[in-house]
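One structure is given here, and the rest of the page talks about it.
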Amino acid sequence: MGYIKWLGHSAFEILLDNKILYIDPWISNPKSPIKLQDISKADYIFITHDHGDHFGESVEIAKKTNATIVGIYEIANKASQLGVKKTIGGNIGGPIFLEENLITYLVPAFHSSLTGTPTGIIIRGNEKTIYHAGDTGVFGDMAIIHELYKPDIALIPIGGHYTMGPFEAAKAVELLKPEIVIPMHYGTFPVLSGTPEQLKKFIEERGIDVKIVVLKPGESYNF
Ligand code: NI
Ligand code: MN
């Protein structure tokens, strides 16, 4: 039994195989249902890239929970320079073994960053394989992500302007073939104008068989 709780923007709290995971925890985002002081326990914090709306309060959370920060090598370095005790820096490629049955893979994301390259993150546990796309446009090698890792649940940006919009995100879903798609990175600011309704329309037009789970900030998808 686990859950994926949306904390607004690209921030998620995930319970997977009894581990508490955060991805891109920008907890001070305008739609966040929680505050930093509400977080008391975390095992791993994943960061897709160094933009403030993704790096967020990672360091503060790691310091108060003793969680391990996981991301591309340069991000892990930055976190340890900022005083985080436990970091795991990897790179795009093969498995990064966090625990015996908890594996992460850093995968490409087409975006920008000052600290290393931006990534998407795949987290594979016993219960589920989850893909967080980070900030990215759609790209054809999402088909390889499906072929190699078969993510059950895909967390996909749909806001447009800095990432895919709904039209491109529907193509991403076609390539990734997840069972569940959860849209993110929309509605935080007016410029992130893509909506889940538009995503639904484009997914229907493509005839894709997928369950679209639209969360409000603070809501969870349970598995
Ligand atoms: Ni970004
Ligand atoms: Mn972003």
Task: Condition check for GLY52: closer than 20 Å to ASN222 by Cβ, touching a residue at least 24 places away in the same chain (Cβ under 8 Å) and small (Gly, Ala, Ser) - done: no
- [ ] Looking only at segment 202-210, decide whether some residue is in contact with a strand residue (DSSP E or B) (Cβ under 7 Å, 6 or more places away or on another chain) and farther than 24 Å from TYR22 by Cβ.
- [x] yes
- [ ] Return yes when ILE122 is out of contact with any Cys (no Cβ under 7 Å at 6 or more places or on another chain), part of a helix (DSSP H, G or I) and free of Cβ contacts under 8 Å to residues at least 40 places away in the same chain and no when it is not.
- [x] no
- [ ] Check whether at least one residue in segment 18-37 is under 24 Å from GLU127 (Cα atoms), of a type in the set (Gly, Ala, Ser) and part of a loop (DSSP other than H, G, I, E, B), and report yes or no.
- [x] no
- [ ] Residue by residue through segment 58-94, note down the ones that are open to solvent by 10 Å² or more (accessible area, probe 1.4 Å) and either within 16 Å of ligand 1 (Cβ to nearest atom) or free of Cβ contacts under 8 Å to residues at least 12 places away in the same chain (or both).
- [x] GLU74, LYS78, SER80, GLN81, GLY94
- [ ] Run ILE144 past the list (1) within 13 Å of ligand 2 (Cβ to nearest atom); (2) β-branched (Val, Ile, Thr); (3) surrounded by fewer than 24 Cβ atoms within 10 Å (Cβ to Cβ) and report the number of the one that doesn't hold.
- [x] (1)
- [ ] Being open to solvent by 60 Å² or more (accessible area, probe 1.4 Å) and hydroxyl-bearing (Ser, Thr, Tyr) is the filter here, so list the residues in segment 39-57 that pass it.
- [x] SER40
Task: Per-region count, segment 130-141, residues open to solvent by less than 10 Å² (accessible area, probe 1.4 Å) and either in a loop (DSSP other than H, G, I, E, B) or over 12 Å from VAL173 (Cα atoms) (or both) - done: 6
- [ ] Return the pairs, sorted by first residue and then second, in which the second residue is in a helix (DSSP H, G or I) and open to solvent by 10 Å² or more (accessible area, probe 1.4 Å), the first residue lies in segment 161-178 and is under 17 Å from VAL107 (Cα atoms), the beta carbons are less than 6 Å apart, and the residues are 6+ apart or on different chains.
- [x] LEU175/ALA143; LEU176/HIS146; LYS177/HIS146
Task: Residue identified as part of a helix (DSSP H, G or I) and under 26 Å from ARG124 (Cβ atoms) among ILE182, ILE203 - done: ILE203
- [ ] Output the residue which, of all residues in segment 95-112 that are within 16 Å of ligand 2 (Cβ to nearest atom) and crowded, with 20+ Cβ neighbours inside 10 Å, is farthest from HIS146 (Cα to Cα).
- [x] HIS111
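The values are calculated or read from the model by the stated rules, or taken from the named source; none is laboratory data. Owing to the predicted nature of the structure, the values given are computational and were not obtained by experimental measurement. For neighbour counting, all protein chains shown are included, and Cβ atoms are generated from backbone atoms with ideal geometry for every residue, glycine included. Side chains included, ligands, DNA and RNA excluded: accessible areas come from the protein's heavy atoms. Shrake-Rupley method; radii C 1.70, N 1.55, O 1.52, S 1.80 Å.
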